[in-house]
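Bear in mind these aren't lab numbers, they're just calculated from the coordinates by the rules spelled out. The structure presented is a predicted model; accordingly, all values stated were derived computationally and were not measured. Counting neighbours? That spans all protein chains shown, and the Cβs are built from the backbone with ideal geometry, glycine included.
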Amino acid sequence: MNPYDAPQSDPDVPPQRGWFRRNALWFVPTMLGLGMVCVCPIACCSGTIFGVFKALEESEAAAMALKVVQDSPEVKERLGEPIEMGSVSGGNISMVNDGGEAMVNFSVDGPRGTAQVHTEADRQAGQWSLRTVEVTFPDNSKIDLYDPPTPAAESPSP
C-alpha cells in the first residue's frame, strides 16, 4: 500500500464530526457572552449621547434661536425658504430652580445651502431670553442676529 493513498474508511465507524459540532456547547455561549460584554456598553453610551443631543435639539433656547433665524431677511436671502433645523453639533444646558443658561450649536438647512447657528440664552424666573444668535455660513461670513431688547421707557413719577 502506498503511504499517499487515501485510507479506506471502515463502514462500521461513523464519520468524525467537524470542529464546530464538537465544540458548539462551549463556543456558542462564550461568544454570546463576549458579544454582550462588548455590545451593552456601546449601546448604553450611544443611548446616552443620543438622549443628550435630543434634549439640546428640543430645548426652548434652540427653538427660540431657530425662530429668530427663520425670521431673518438676511438668512432667508442666503439660504432660501423654508429654513429648517439640521443636526445639533454640541452645547450644554444648566438649570437651577427657575434660572439657568444654555449654549447650543446646530445647523440650519435651506434650499440654497446650510449654515451653522451658535446661540446662548439665559433663564430667569422660568423665562428664557436669548443672549447670542450668530449664523456662520460655509464661506465663514457671519450674521449676528442678536437684537437686545430695548429697555422699557420709564414713566415719570407723579
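For the range 59-144, how big is the tail of P(r) above 16 Å, as a whole percent of Cα pairs?
Details: 1763 of 3655 pairs.
Of all Cα-Cα distances in the range 59-144, 48 percent exceed 16 Å.
Report the local net charge at GLU101: Lys and Arg +1, Asp and Glu -1, summed over other residues whose C-beta lies under 9 Å from its C-beta.
The answer is 0.
Between VAL28 and GLU84, what is the spin-label point distance in nm, taking each point 7 Å from the Cα along the Cα→C-beta axis?
4.6
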